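Novice: Got a structure for you, questions after.
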Protein chains: 2
Amino acid sequence: MTEYPSILLENAVNSFAKLPGIGSKTALRLVLHLLKGDDQETENFANSLLKLKKEICYCKKCHNISDTEICSICANPKRDATTLCVVENIRDVMSIESTGQYHGFYHVLGGVISPMDGIGPSDLQIASLVERIEPENIQEVIFALPATMEGDTTNFYIFRQIAKFNIKITMLARGVAVGNELEYTDEVTLGRSILNRVEFKN
Amino acid sequence: MTEYPSILLENAVNSFAKLPGIGSKTALRLVLHLLKGDDQETENFANSLLKLKKEICYCKKCHNISDTEICSICANPKRDATTLCVVENIRDVMSIESTGQYHGFYHVLGGVISPMDGIGPSDLQIASLVERIEPENIQEVIFALPATMEGDTTNFYIFRQIAKFNIKITMLARGVAVGNELEYTDEVTLGRSILNRVEFKN
């Protein structure tokens, strides 16, 4: 156990060290960096966190993080209101947005079904998803959940809830990553990409 | 450039991303972690930083970080008051303290002489070091600065300032690290460890 020369320092280091992936050595380095910098910077840092925590909203429609009641994506009249992309969290929204290939709406579940972590369907925004389909006249639901066991379980669970609606239900293509050599692609992915091969277009 | 769904989120991410070694992806992960956690934790985090910045002192004797005017090491009557260990920063104090092998006092320079970075002798606590020698009746000064060009330059500069006093001036031994194989030790270090070989004691 390291002994810190100051309780104030120790508290600040411990705060940083609680964050994921930051150990006590890195935490100390970060705190000393802030100490060396000017007061205003640290104040801005602390205030941005306090403000975030107090004032952040979640969009009432898609549950994405937002500064307003309805997020900028849901409020955009130019987007395709009939397509809904189901994602795990807001980072996935940002990833998909950065591709520039999707122009519909989102629905952020806030996680995936994971009995190991004690996360069941009622902990996620699944009921609110099902309730959106008819009133919003959704024509297609795209599953963009992680390609893991938990993601697949969640896909299947939601599928059973929304199969009764007369809509198209799709999921992200799984296959060889663009730029990857075949020999370095794992066999499950490669096998799937053969089964789901698509017509060659010039 | 990633687009964030919220200005508040963006500000918090940018604050984290200003820290050394933290990119915008890691910053986003950390902010979302805080958002998921409870409010109290984030509040404590922010307050510990504000409090640190406002209330931290530097020890008037050794310039170590401290909660009080004189740090706990300088105020400890059990320590050897005649020995002074010169270090670059407070992390070095903590490292040496953790060895349990040193029982004297410290003097924290706050850096090393580095013309490339615009750091000269007057930017460091060198004058205050020289002023301590006689009044405190120091018998030995130990240089524990980094084993780099800048560290050596600083050693030499300080040496010239304090050579006039009738005291012992020593520096940390440099040689093969404990646990290291000889073949993986760089040749400069290995050469130095041969020149400075010590008598074998059983």
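The values are calculated or read from the model by the stated rules, or taken from the named source; none is laboratory data. Here the structure is a predicted model, which means the values were calculated and not measured. Methodologically, a virtual Cβ is constructed for each residue, glycine included, from the backbone with ideal geometry; neighbour enumeration extends over all protein chains shown.
Novice: Which condition number does A:E183 fail, the rest of (1) in a loop (DSSP other than H, G, I, E, B); (2) modelled with pLDDT under 85 being met?
Specialist: Only one criterion is unmet by A:E183, namely (1).
Novice: Continuing with the same structure: Would you mind finding the one in B:K78, B:K36 that is of a type in the set (K, R) and at the interface with chain A (Cβ under 10 Å from one of its Cβ atoms)?
Specialist: Values: B:K78 fails: at the interface with chain A (Cβ under 10 Å from one of its Cβ atoms).
Being of a type in the set (K, R) and at the interface with chain A (Cβ under 10 Å from one of its Cβ atoms) holds for just one of B:K78, B:K36, which is B:K36.
Novice: Something else now. Against the definition (among the aromatic types (F, W, Y) and either part of a helix (DSSP H, G or I) or not assigned by TED's automatic domain parsing to the domain that holds A:A75 (or both)), how does A:Y157 come out, yes or no?
Specialist: Yes.
Novice: Can you pull out every residue in region A:31-77 that is of a type in the set (D, E, K, R) and within 17 Å of B:E3 (Cα to Cα)?
Specialist: Correct list: A:D67 only.
Novice: Listed residues A:F200, A:F165; which is over 22 Å from A:V93 (Cβ atoms) and not assigned by TED's automatic domain parsing to the domain that holds A:V86?
Specialist: Checking each option against the conditions leaves just A:F200.
Novice: Quick check on region A:20-30. Is at least one of its residues at positive phi, not aromatic (F, W, Y) and not in a helix (DSSP H, G or I)?
Specialist: There is at least one residue in region A:20-30 that is at positive phi, not aromatic (F, W, Y) and not in a helix (DSSP H, G or I).
Novice: Counting only residues that are part of a helix (DSSP H, G or I) and at the interface with chain A (Cβ under 7 Å from one of its Cβ atoms), which one in region B:1-19 is surrounded by the most Cβ atoms within 10 Å (Cβ to Cβ)? Break it down stepwise before answering.
Specialist: Step one: filter region B:1-19 for residues part of a helix (DSSP H, G or I), giving B:7-17.
Right, trim to at the interface with chain A (Cβ under 7 Å from one of its Cβ atoms) and you get B:7-9, B:11-12, B:15.
Details: B:I7: 13, B:L8: 23, B:L9: 22, B:N11: 18, B:A12: 29, B:S15: 21.
The qualifying residue surrounded by the most Cβ atoms within 10 Å (Cβ to Cβ) is B:A12.
Novice: Would you pick out the residues in region B:91-108 that are of a type in the set (A, V, I, L, M) and touching a helix residue (DSSP H, G or I) at 6+ places or on another chain (Cβ under 7 Å)?
Specialist: Of everything in region B:91-108, just one residue is of a type in the set (A, V, I, L, M) and touching a helix residue (DSSP H, G or I) at 6+ places or on another chain (Cβ under 7 Å), namely B:V108.
Novice: Do we have B:I194 as more than 23 Å from B:A81 (Cα to Cα) and in a helix (DSSP H, G or I) here?
Specialist: On the way: more than 23 Å from B:A81 (Cα to Cα): yes; in a helix (DSSP H, G or I): yes.
For B:I194, the condition - more than 23 Å from B:A81 (Cα to Cα) and in a helix (DSSP H, G or I) - is met.
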